[in-house]
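The values are calculated or read from the model by the stated rules, or taken from the named source; none is laboratory data. Here the structure is a predicted model, which means the values were calculated and not measured. Positions of Cβ are generated from backbone atoms using ideal geometry, with glycine treated the same way; all protein chains shown enter the neighbour counts. These accessible areas exclude ligands, DNA and RNA; they are computed on the full protein's heavy atoms, side chains included. Shrake-Rupley method; radii C 1.70, N 1.55, O 1.52, S 1.80 Å.
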Amino acid sequence: MLRHVLRVDQFTRTDVERLIVSAAHMRTIAERGGDDRLRGRILATMFFEPSTRTRMSFESAMIRLGGRVITMENASETSSAVKGETIEDTVRIVETYADAIVIRHPVAGIPERGAQVAAVPIINAGDGAHEHPTQALLDVFTIQQELGRIDDITVALVGDLRYGRAPRSLAMILTLARNCRLILVAPPGVEMSPDVLDALASHGVEYRAEIDLVAAAREADVVYMTRVQKERFPDERSYLAVRGQYQFGEQHLEVMRPQSIVLHPLPRVDEIDPAVDSDPRAAYFRQARNGVFMRMALLDALLNSSSTLA
Amino acid sequence: MLRHVLRVDQFTRTDVERLIVSAAHMRTIAERGGDDRLRGRILATMFFEPSTRTRMSFESAMIRLGGRVITMENASETSSAVKGETIEDTVRIVETYADAIVIRHPVAGIPERGAQVAAVPIINAGDGAHEHPTQALLDVFTIQQELGRIDDITVALVGDLRYGRAPRSLAMILTLARNCRLILVAPPGVEMSPDVLDALASHGVEYRAEIDLVAAAREADVVYMTRVQKERFPDERSYLAVRGQYQFGEQHLEVMRPQSIVLHPLPRVDEIDPAVDSDPRAAYFRQARNGVFMRMALLDALLNSSSTLA
Amino acid sequence: MLRHVLRVDQFTRTDVERLIVSAAHMRTIAERGGDDRLRGRILATMFFEPSTRTRMSFESAMIRLGGRVITMENASETSSAVKGETIEDTVRIVETYADAIVIRHPVAGIPERGAQVAAVPIINAGDGAHEHPTQALLDVFTIQQELGRIDDITVALVGDLRYGRAPRSLAMILTLARNCRLILVAPPGVEMSPDVLDALASHGVEYRAEIDLVAAAREADVVYMTRVQKERFPDERSYLAVRGQYQFGEQHLEVMRPQSIVLHPLPRVDEIDPAVDSDPRAAYFRQARNGVFMRMALLDALLNSSSTLA
């Protein structure tokens with residue numbers, strides 16, 4: 001079934017359902033101390049843009065299934081890319097060292113270029129402001145675990161929706177849900193891009209812009225907060241105009257329904273008041289943990305020939 | 001017994017004795033090629049200040065017990081801390097990837113802040129000029145192995161005793177020894193701080209300042225040399241005033257007793273003449289090796305529920 | 001037989017033949033998912049000069065034999081070398097963490113200095129413009145695999161032959177071959193150094209300089225292209241004068257014999273047109289893969305006491 005993980009739109013509804021079931025099973029395996037199903041298999045992680053969190057999440061997932069990892073933590077400075085090597089050459093060489101390759105890169109489309117020449121699975125761990133498919137998968141897994149469903153839900157996406165690949169990718173994957181409504185809460189200038197809005201429209205996903213976070217919190221089953229990522233902005237001034245405009249605090253918890261949840265791809269800066277952390281609806285640390293389980297499910301599907309997903 | 005490793009003063013005499021016994025046993029295990037008692041367990045090493053030596057020592061210890069490691073070698077530059085994340089958030093996320101977390105940080109108290117929110121054990125691998133408890137434990141383990149006792153000893157601490165966390169931490173742990181005398185040999189301006197002297201006094205540890213390294217070497221069972229750490233000084237001038245003031249050479253070996261030893265937390269710059277290395281009393285490379293065994297003992301106590309120390 | 005891997009000239013013809021046989025066997029082991037012969041053994045990789053490719057190749061080799069790895073990816077910035085530690089001290093400490101140490105260093109002779117004090121095997125993974133013995137071994141292994149022999153061959157070495165340690169090391173190891181002829185195709189100013197030419201002469205290896213790459217391609221069994229390494233040149237101007245002077249393209253394929261091959265130590269910049277990649281004579285990605293097998297053979301010889309090469 002699964003050859004590479006490159007874009008959200010490569011997945012069907014059935015794929016996502018199976019991955020959710022598998023990720024839930026991986027939680028059990030992880031809680032028993034892991035297993036050895038990927039014994040002898042090697043995962044290479046190549047981060048051309050630092051992201052300790054995502055890298056460690058993949059490495060922890062691989063290790064928990066008995067596999068091993070070789071790491072390029074700071075590929076943009078230390079790899080042959082500095083010497084002028086193309087991503088195609090890099091992939092053709094690294095695949096001689098490893099059975100699968102995770103790539104994060106600041107330039108959109110680089111993992112797909114790698115996949116076109118690769119003999120082993122390529123996993124896109126974020127390419128510029130473009131896609132972050134494993135984040136989208138762990139997000140819907142978290143919604144399923146927390147709400148018991150991914151259909152019939154209202155999701156408020158809050159913050160920088162233009163440069164943030166996490167809300168972009170989540171919006172895209174929610175086109176697979178039935179009867180899903182999106183509330184888009186973005187500062188002026190960083191609204192969701194037309195390409196995502198078109199995809200929502202063509203899949204019949206209802207959405208509306210909203211400027212009031214309180215109103216969104218009152219209505220939503222899921223409030224998805226995001227960091228305004230300085231590194232995605234062209235200059236300091238456009239960053240400062242946006243940062244800190246939406247902050248989730250106790251006043252928002254007050255109007256939220258008891259079964260609703262707050263998510264955040266993390267790290268946060270000041271988008272969520274730490275006072276919120278102790279509320280059971282604050283699900284963002286559980287969301288981080290789910291990332292390991294979803295990545296275990298993906299690695300199993302990609303590397304384990306006896307996987308039901310393979 | 002052991003939940004975190006944060007400060008020297010968290011350990012009782014009995015704790016230290018048990019850890020010494022366990023570390024000695026770990027030497028045997030390591031010499032047999034290790035075992036699998038920590039199979040399936042994951043250690044995360046997070047170094048917000050580079051220290052290849054300490055990081056590798058922990059990783060070697062974990063691996064030798066069958067565990068696995070995920071690494072942040074240069075956390076201050078690549079981790080989410082750059083994006084403004086608090087240590088509390090970092091710990092709450094990394095604990096979803098790993099079963100224990102080693103933290104080195106340039107700011108005193110950061111590992112303890114992490115431990116306050118952590119669901120997994122936190123190990124302080126050095127926080128600023130504050131504490132380095134695993135160094136202190138490996139130092140007393142080495143003294144026990146080399147001299148056959150940790151009581152009834154005279155220890156000369158030499159070098160920068162103010163900014164050096166190794167001599168600070170060793171002095172603190174020696175308050176648990178009986179009939180221990182300290183000779184403090186420090187250049188002017190970097191003498192041992194009053195808080196440590198108060199702790200020595202209140203535990204009845206006899207100490208005196210000494211300016212003559214030859215006199216100290218003649219008298220001591222253990223001469224503990226330390227590097228003057230440039231990075232701990234406020235400016236170049238105060239560093240240069242101190243560096244190189246005490247250098248251990250063959251003239252000091254000559255006056256030392258045959259059973260006495262020279263230790264150094266390493267790396268050294270010019271504090272010990274390489275001509276000393278071949279003398280059997282030069283115990284600093286054996287001390288480095290003991291660091292792996294003591295860290296095996298600590299990881300066993302923290303992570304192995306069937307450990308006699310758990 | 002093998003204690004360290006430091007220089008090409010430490011190997012006899014018999015050594016090389018045995019390593020080639022062992023590397024071919026390692027390919028089979030790797031294709032079966034590896035084995036556990038180095039279980040419990042630890043390899044430390046210390047790169048004082050970044051080389052993701054070589055580091056990953058060694059780490060993949062170690063892991064495939066069941067061993068474990070501890071890594072210093074950026075040793076020149078993060079290790080105790082910054083604090084002024086000598087390589088001798090570094091080796092004496094790292095050998096307490098690991099059973100073998102791979103060293104890459106920008107300064108010629110550093111791995112040999114380390115080996116003089118080491119209790120564990122040291123592997124030179126490239127020291128300045130000096131030697132790169134494991135590259136030479138994987139190159140002759142590739143020649144054996146591709147041509148079926150290492151004797152009676154004509155090898156064209158192309159590019160920067162002065163600063164490039166790969167062509168230097170390959171030329172040196174080919175002094176062990178019988179009836180080997182070298183064609184040296186170098187831009188003016190970066191011709192092969194006299195010390196290598198002397199070694200060739202004293203071993204009866206025939207060689208000649210050639211300025212026409214087409215002529216060389218027509219005649220050679222092996223065309224060994226190399227990157228002009230900017231970092232080896234004293235200044236930008238002398239680099240630009242040389243770069244891009246020899247580029248292998250389809251016009252060279254046309255004149256090459258059907259059984260001849262093109263090699264490159266990789267990464268390439270523009271020395272080989274990507275259009276060449278799909279030709280079966282383009283053997284450079286197979287060469288990269290052979291690097292893992294040869295390093296498995298070397299690690300086995302160094303660390304496995306029951307190896308036929310030990």
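Pairs meeting the criteria (first residue in the stretch C:35-60 and within 11 Å of chain B (Cβ to nearest Cβ) and under 20 Å from B:Asp35 (Cβ atoms), second residue polar (S, T, N, Q) and open to solvent by 10 Å² or more (accessible area, probe 1.4 Å), beta carbons under 9 Å, at least 6 apart or on different chains) are C:Leu38/C:Asn304; C:Arg41/C:Asn304. Restricting A:Glu95, A:Glu77 to residues that are at pLDDT 95 or above and either at the interface with chain C (Cβ under 9 Å from one of its Cβ atoms) or out of contact with any helix residue (DSSP H, G or I) (no Cβ under 8 Å at 6 or more places or on another chain) (or both) narrows the list to A:Glu95. For the stretch B:272-294, the condition of being of a type in the set (A, V, I, L, M), away from every other protein chain (no Cβ under 14 Å) and over 30 Å from B:Phe58 (Cβ atoms) holds for none of the residues. Looking only at residues of the stretch B:276-300 that are aliphatic (A, V, I, L, M) and within 13 Å of B:Met225 (Cα to Cα), we find that the one that is surrounded by the most Cβ atoms within 10 Å (Cβ to Cβ) is B:Ala283. Screening the candidates A:Ala125, A:Ala98, A:Ala115 for the property of being touching a residue at least 40 places away in the same chain (Cβ under 8 Å), within 24 Å of A:Asp300 (Cα to Cα) and assigned to a helix (DSSP H, G or I) yields one hit, A:Ala115. Among the residues of the stretch B:246-270, the ones that are among the acidic types (Asp, Glu) and surrounded by 24 or more Cβ atoms within 10 Å (Cβ to Cβ) come to 0 in all. Residues of the stretch B:223-242 that are within 14 Å of chain C (Cβ to nearest Cβ), within 21 Å of the chain's Cα centre (by Cα) and surrounded by 15 or more Cβ atoms within 10 Å (Cβ to Cβ): B:Met225, B:Thr226, B:Arg227, B:Val228, B:Gln229, B:Lys230, B:Arg232, B:Phe233.
For the condition in contact with a helix residue (DSSP H, G or I) (Cβ under 7 Å, 6 or more places away or on another chain) and not small (Gly, Ala, Ser), A:Leu253 qualifies. B:Arg268 passes every criterion in (1) over 20 Å from the mean Cα position of the chain (by Cα); (2) assigned to a loop (DSSP other than H, G, I, E, B) apart from (1). Among the candidates C:Arg53, C:Arg37, which residue alone is part of a loop (DSSP other than H, G, I, E, B) and either touching a Gly at 6+ places or on another chain (Cβ under 7 Å) or open to solvent by less than 50 Å² (accessible area, probe 1.4 Å) (or both)? Going through C:Arg53, C:Arg37 in turn, just one is part of a loop (DSSP other than H, G, I, E, B) and either touching a Gly at 6+ places or on another chain (Cβ under 7 Å) or open to solvent by less than 50 Å² (accessible area, probe 1.4 Å) (or both): C:Arg37.
A count restricted to the stretch B:227-248 and to residues that are more than 15 Å from B:Gly159 (Cβ to Cβ) and assigned to a loop (DSSP other than H, G, I, E, B) stands at 2.
When the stretch B:223-259 is filtered for residues that are farther than 16 Å from B:Val269 by Cα and acidic (Asp, Glu), the ones remaining, listed by number, are B:Asp235, B:Glu236, B:Glu250, B:Glu254. Out of the stretch C:98-108, which residues are more than 16 Å from the chain's Cα centre (by Cα) and at pLDDT 95 or above? Within the stretch C:98-108, C:Ala98, C:Asp99, C:Ala100, C:Ile101 meet the criteria. Residue pairs whose Cβ atoms lie under 7 Å apart, sitting 6 or more positions apart in sequence or on different chains, and linking a residue in the stretch A:142-170 that is farther than 30 Å from A:Phe233 by Cα to a partner that is in a helix (DSSP H, G or I) and open to solvent by 10 Å² or more (accessible area, probe 1.4 Å), are A:Gln144/A:Ile20; A:Ile150/A:Gln144; A:Ile153/A:Leu147.
Condition (residue is closer than 26 Å to A:Leu176 by Cα, of a type in the set (Ser, Thr, Tyr) and at pLDDT 95 or above) applied to the stretch A:20-39: is it met by at least one residue?
Narrowing the stretch A:20-39 to residues closer than 26 Å to A:Leu176 by Cα: A:20-27.
If we keep only those that are of a type in the set (Ser, Thr, Tyr) too, we end up with A:22.
Add one more test, that the residue is at pLDDT 95 or above, and what stays is A:22.
Yes: the stretch A:20-39 contains one or more residues that are closer than 26 Å to A:Leu176 by Cα, of a type in the set (Ser, Thr, Tyr) and at pLDDT 95 or above.
Table: residues versus (1) at pLDDT below 90; (2) in the same structural domain as A:Val158 (by TED's automatic domain parsing).
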site: A:Gln229; (1), (2): yes, yes
site: A:Phe233; (1), (2): yes, yes
site: A:Gly244; (1), (2): yes, yes
site: A:Ile261; (1), (2): no, yes
site: A:Ser278; (1), (2): no, yes
site: A:Met296; (1), (2): no, no
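I'd like to verify a number: residues in the stretch A:24-34 that are outside any loop (DSSP other than H, G, I, E, B) and facing another protein chain (nearest Cβ under 10 Å), how many? The qualifying residues number 1.
Consider A:Glu88 carefully, then state whether it is open to solvent by 20 Å² or more (accessible area, probe 1.4 Å), under 21 Å from A:Leu298 (Cα atoms) and of a type in the set (Asp, Glu). Can you show your working first?
Values: open to solvent by 20 Å² or more (accessible area, probe 1.4 Å): yes; under 21 Å from A:Leu298 (Cα atoms): no; of a type in the set (Asp, Glu): yes.
When the stated conditions are applied, A:Glu88 does not pass them.
Mind checking whether some residue in the stretch A:297-310 is within 12 Å of chain B (Cβ to nearest Cβ), in a helix (DSSP H, G or I) and not acidic (Asp, Glu)? Taking every residue of the stretch A:297-310 in turn, none turns out to be within 12 Å of chain B (Cβ to nearest Cβ), in a helix (DSSP H, G or I) and not acidic (Asp, Glu).
The single condition among (1) open to solvent by less than 40 Å² (accessible area, probe 1.4 Å); (2) at pLDDT 95 or above that B:Asp273 does not meet is (1). So for the stretch B:197-206 (the condition being in a strand (DSSP E or B) and touching a residue at least 12 places away in the same chain (Cβ under 8 Å)), does at least one residue qualify? Among the residues of the stretch B:197-206, at least one is in a strand (DSSP E or B) and touching a residue at least 12 places away in the same chain (Cβ under 8 Å), which makes the answer yes.
When you go through A:Thr28, A:Thr71, A:Thr90 one by one, which is the residue that is of a type in the set (Ser, Thr, Tyr) and closer than 29 Å to C:Tyr239 by Cβ? Exactly one of A:Thr28, A:Thr71, A:Thr90 is of a type in the set (Ser, Thr, Tyr) and closer than 29 Å to C:Tyr239 by Cβ, namely A:Thr90.
For the stretch C:146-169, give me each residue that is hydroxyl-bearing (Ser, Thr, Tyr), outside any helix (DSSP H, G or I) and open to solvent by less than 30 Å² (accessible area, probe 1.4 Å). Selection gives C:Thr154 alone. Checked against (1) at pLDDT 95 or above; (2) out of contact with any Lys or Arg (no Cβ under 9 Å at 6 or more places or on another chain), C:Arg218 passes all but a single condition, namely (2). Just one of (1) within 21 Å of the chain's Cα centre (by Cα); (2) aliphatic (A, V, I, L, M); (3) in a loop (DSSP other than H, G, I, E, B) fails for A:Ile173. It is (3). When the stretch C:1-11 is filtered for residues that are open to solvent by less than 70 Å² (accessible area, probe 1.4 Å) and more than 17 Å from the chain's Cα centre (by Cα), only C:Leu2 remains. Of the listed requirements (1) basic (Lys, Arg); (2) within 14 Å of chain B (Cβ to nearest Cβ); (3) outside any helix (DSSP H, G or I), C:Arg104 misses just one: (2).
Residue check: A:His130 meets all listed conditions (1) open to solvent by 20 Å² or more (accessible area, probe 1.4 Å); (2) touching an Asp or Glu at 6+ places or on another chain (Cβ under 7 Å); (3) away from chain C (no Cβ under 14 Å); (4) of a type outside the set (S, T, N, Q) but one, namely (2).
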